[in-house]
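Colleague: What follows is a structure written as structure tokens; I'll ask about it next.
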Amino acid sequence: MNLHTYDSVFMELFSLEPSQLDSTLLYQSIDTWDSLGHMELISKLESVFNVNLEMDDVIDFSSYEEGKRILMKYGVAL
Amino acid sequence: MPTFLDPIWSNGKKIAVIDSSGNAFSFDDLSRMIIDFSLEPNEGTAVALMTCSNTVEAIAGYLAFVKGQFATILLPTNIRTIDNYVSLYTPKYLYLDHTLDHCNYREVFRFGKYHLYILRSPVNSGCEINSELRLLLTTSGSTGSPKLVRISDENIELNCKMILQSLRINNDDIAITTLPFSYSYGLSIINTSLLNGNKIQLNEYSIIQRSFWDLLLSSRATNFGGIPFNYQQLEQIGLDRLKSSHIRFMTQAGGRLPRSTFENVFDFCEHNNIDFFVMYGQTEATARMSVLSPLDAKRFPSSVGKAISPGRFELINPEISLEVNGFKVGELVFTGGSVALGYASSKEDLRLGDTWKGVLRTGDLAYFNKEGFVHIVGRINRFAKIRGVRYSLEDIEEIFASLEIDVVALEFRDQIILVSTKDVASTTIEKALYLIDGLRLSDVKTIKISELPRTPAGKLDFRTIESIVSSASIPE
């Protein structure tokens, strides 16, 4: 359920297909995930999971996979 | 013909650039790299075009073209409208960070991610290029019209001297890159560092990435530049991160900082022994024209400072009978040797000499306070400035017109507002944005009104439209 939500945030925000959600999806690996897109991503994830990410985690959020690990720290099981 | 970069080669074994993996390259190393490009001699008839990333491959290409005396077009790496420039200016060489499938070009050299292509047929001669012309920069966020600013060796040399003196850059200062060098502000940071024999830490990460902060610390960088967007990000992730760095000064240009961000950054810098310089520039003046020192910023925080000597500002067009805070407003005009030669809209234009003759009408409305500090209050031309990049509102309207929807575009609170009598579908906006490099869906909002207000003469009444926009609650 949470994973589905996590995936749909990426797909909607960055106009991605499900097949693109894998370990090759990195910050700046696609045009839309730039620094502006990154902040949009963080604020979307914060609101759908009702969490508040530490800035250290925001700057460590370097990939689709890394994001999952970070959200787990906040008790979001993915 | 000497070029502005000639003096840098005497720096020899001094380190010029460090890449993001920590590899250091001296001026001699760069000089050797250039030889590998094996560029054909150029008799003042050739154009080169490259995309600009903050990598050693890109820097080497840039130096190779300048040294080879090409009139060099510098474009951003993610540009989608590159074909327009290629067909209009028929460059002899293309140096790109991606592959290109073009029947008129063949690949002759590869360097990291970069590919060097040469035009198959010889360039049609008869189109001489002005020998003073060295660089061609885009005027603004490209909206498909490949208009370029023509910049000479002398323009760059003078502008670098102005910047070096006004910021009192030392020989041991190290700049870390935060802006692409296809952008005049980013380019001026590279050029001033090279000409002063300083080290540059090449960086491609953004401020909100851990890797940027790792590089900032490991390189012991002493300075960087940023547009308002960068400083807003810096504020967001916490200025305190700078405390453990070696940053000695920071510059800000490319638009006005929101007041609260300015105050936060300024206070932080004041307490942490960092000089924060607000600057104001335009590509048409090669780069930066004015500077506000931290000392003056304390007294006049909303000013962009004074013209960097020997440049100077004046106001024209007193018929704009506007006063702000009791000061007369006029169009800001800059005079100085860094004012570019003029625009180019075609290959023939590259033959032109110095069209502007050192005088630039900035299109900005401004006043001088009693002490002579410049305050910018608005713009004459219809431009929007989004994240430091200028977009012509007329070009945007034309793009929508080509998609068969009439809109009036204007800028409001860092967004582009499209006013129309029809519903503007988001798919239409997406199509339009595909033609405008750098703009995003979230930068654009629409407002529907029953009728576009017009003046008695039948022209669009922009003032009324603006007041409609500022009073409308804009949908998120």
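Colleague: Only one of these conditions is not met by residue B:173: (1) open to solvent by less than 20 Å² (accessible area, probe 1.4 Å); (2) closer than 23 Å to residue A:35 by Cα; (3) more than 14 Å from chain A (Cβ to nearest Cβ). Which number is it?
Modeller: With respect to (1) open to solvent by less than 20 Å² (accessible area, probe 1.4 Å); (2) closer than 23 Å to residue A:35 by Cα; (3) more than 14 Å from chain A (Cβ to nearest Cβ), residue B:173 is out only on (2).
Colleague: So the check is Cβ under 9 Å with 6+ separation or different chains; which pairs have a first residue in segment B:149-165 that's under 19 Å from residue B:44 (Cα atoms) and a second one that's of a type in the set (Phe, Trp, Tyr) and open to solvent by 30 Å² or more (accessible area, probe 1.4 Å)?
Modeller: Cβ pairs passing all conditions: B:149/B:343; B:150/B:343.
Colleague: A further question on this structure: Which members of segment B:183-206 meet the condition of being assigned to a loop (DSSP other than H, G, I, E, B), away from chain A (no Cβ under 14 Å) and open to solvent by less than 10 Å² (accessible area, probe 1.4 Å)?
Modeller: Matches in segment B:183-206: B:197, B:198, B:202.
Colleague: While we're here: Just to be sure I understand, how many residues within segment B:343-382 are under 28 Å from residue B:444 (Cβ atoms) and either polar (S, T, N, Q) or surrounded by fewer than 19 Cβ atoms within 10 Å (Cβ to Cβ) (or both)?
Modeller: Selection size over segment B:343-382: 10.
Colleague: Kindly state which strands (runs of 3 or more DSSP E) lie completely within segment B:285-397 and contain at least 2 residues that are closer than 23 Å to residue B:134 by Cα and among the β-branched types (Val, Ile, Thr). Please lay out each step first, then the result.
Modeller: Values: elements: B:288-292, B:312-316, B:330-335, B:342-344, B:359-368, B:374-379, B:383-386, B:389-392.
The strands (runs of 3 or more DSSP E) meeting that bar are B:359-368.
Colleague: So, one more: Filter segment B:301-342 down to residues that are farther than 20 Å from residue B:355 by Cβ and hydroxyl-bearing (Ser, Thr, Tyr) and give me whichever is least open to solvent (accessible area, probe 1.4 Å).
Modeller: Among them, the one singled out is B:303.
Colleague: Also: Please enumerate the residues belonging to segment B:434-449 that are touching a strand residue (DSSP E or B) at 6+ places or on another chain (Cβ under 7 Å) and modelled with pLDDT of 85 or more.
Modeller: Of everything in segment B:434-449, those that are touching a strand residue (DSSP E or B) at 6+ places or on another chain (Cβ under 7 Å) and modelled with pLDDT of 85 or more turn out to be B:439, B:443, B:444, B:445, B:446, B:447, B:448, B:449.
Colleague: Of all the residues that make up segment B:425-449, how many are away from every other protein chain (no Cβ under 13 Å), in contact with a helix residue (DSSP H, G or I) (Cβ under 8 Å, 6 or more places away or on another chain) and either part of a helix (DSSP H, G or I) or open to solvent by 30 Å² or more (accessible area, probe 1.4 Å) (or both)?
Modeller: Number of matching residues: 5.
Colleague: Being modelled with pLDDT of 95 or more and among the polar types (S, T, N, Q) is the filter here, so list the residues in segment A:6-18 that pass it.
Modeller: Result: A:8, single match.
Colleague: Look through segment A:17-44, keep the residues that are open to solvent by 70 Å² or more (accessible area, probe 1.4 Å) and away from every other protein chain (no Cβ under 14 Å), and return whichever of them is nearest to residue A:71 (Cα to Cα).
Modeller: My answer is A:23.
Colleague: Open to solvent by 70 Å² or more (accessible area, probe 1.4 Å) and at pLDDT 90 or above, is that true of residue A:68?
Modeller: The answer is no for residue A:68.
Colleague: Please name all residue pairs, on different chains or six or more residues apart, with Cβ atoms under 7 Å, provided the first residue is in segment B:387-404 and is within 14 Å of another protein chain (Cβ to nearest Cβ) and under 18 Å from residue B:441 (Cβ atoms) and the second residue is in a loop (DSSP other than H, G, I, E, B) and among the hydrophobic types (A, V, I, L, M, F, W, C).
Modeller: If the second residue must be in a loop (DSSP other than H, G, I, E, B) and among the hydrophobic types (A, V, I, L, M, F, W, C), the pairs left are B:387/B:227.
Colleague: Pairs please, first residue from segment B:76-95 and open to solvent by 10 Å² or more (accessible area, probe 1.4 Å), second anywhere and among the aliphatic types (A, V, I, L, M), Cβ atoms under 6 Å, 6+ apart in sequence or on different chains.
Modeller: Correct list of pairs: B:92/B:46; B:92/B:119; B:92/B:123.
Colleague: Also: Kindly indicate which of A:9, A:48, A:58 is more than 12 Å from chain B (Cβ to nearest Cβ), of a type in the set (Val, Ile, Thr) and open to solvent by less than 20 Å² (accessible area, probe 1.4 Å).
Modeller: Being more than 12 Å from chain B (Cβ to nearest Cβ), of a type in the set (Val, Ile, Thr) and open to solvent by less than 20 Å² (accessible area, probe 1.4 Å) holds for just one of A:9, A:48, A:58, which is A:9.
Colleague: If you check B:22, B:44, which single one turns out to be on the phi > 0 side of the Ramachandran plot and touching a helix residue (DSSP H, G or I) at 6+ places or on another chain (Cβ under 8 Å)?
Modeller: Answer to the check: B:22.
Colleague: Within segment B:236-248, how many residues are closer than 23 Å to residue B:21 by Cα and within 11 Å of chain A (Cβ to nearest Cβ)?
Modeller: The qualifying residues number 1.
Colleague: A further question follows. Given the criteria more than 29 Å from the chain's Cα centre (by Cα), within 14 Å of chain A (Cβ to nearest Cβ), surrounded by fewer than 19 Cβ atoms within 10 Å (Cβ to Cβ) and not in a strand (DSSP E or B), does residue B:464 qualify?
Modeller: No; evaluated as a whole, the condition is false for this residue.
Colleague: Pick from segment A:61-77 the residues that are more than 20 Å from residue A:14 (Cα to Cα) and not in a helix (DSSP H, G or I): which of them is nearest to the other protein chains (Cβ to nearest Cβ)?
Modeller: A:74
Colleague: Moving on to the next point. Any residue at all in segment B:144-158 that is open to solvent by less than 10 Å² (accessible area, probe 1.4 Å) and touching an Asp or Glu at 6+ places or on another chain (Cβ under 7 Å)? First the steps, then the outcome.
Modeller: If we filter segment B:144-158 for residues that are open to solvent by less than 10 Å² (accessible area, probe 1.4 Å), which is where we start, we get B:148-152, B:155-156.
When the remaining residues are screened for being touching an Asp or Glu at 6+ places or on another chain (Cβ under 7 Å), the result is B:149, B:152.
Yes, that holds for at least one residue.
Colleague: Can you tell me how many residues within segment B:391-420 are in contact with a strand residue (DSSP E or B) (Cβ under 7 Å, 6 or more places away or on another chain) and open to solvent by 40 Å² or more (accessible area, probe 1.4 Å)?
Modeller: 4
Every residue, every condition in (1) away from chain A (no Cβ under 14 Å); (2) open to solvent by less than 20 Å² (accessible area, probe 1.4 Å); (3) within 29 Å of residue B:26 (Cβ to Cβ); (4) of a type outside the set (Ser, Thr, Tyr), yes or no:
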site	(1), (2), (3), (4)
B:208	no, yes, no, yes
B:214	no, no, yes, yes
B:221	yes, yes, yes, yes
B:225	yes, yes, yes, yes
B:234	no, yes, no, yes
B:253	yes, yes, no, yes
B:258	yes, no, no, yes
B:270	yes, no, no, yes
B:286	yes, yes, yes, no
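The values are calculated or read from the model by the stated rules, or taken from the named source; none is laboratory data. These figures come from a predicted structure and were not determined experimentally. Neighbour counts run over all protein chains shown; Cβ positions are idealised from the backbone, glycine included. Protein only, heavy atoms only, side chains kept; ligands, DNA and RNA dropped before computing areas. Shrake-Rupley method; radii C 1.70, N 1.55, O 1.52, S 1.80 Å.
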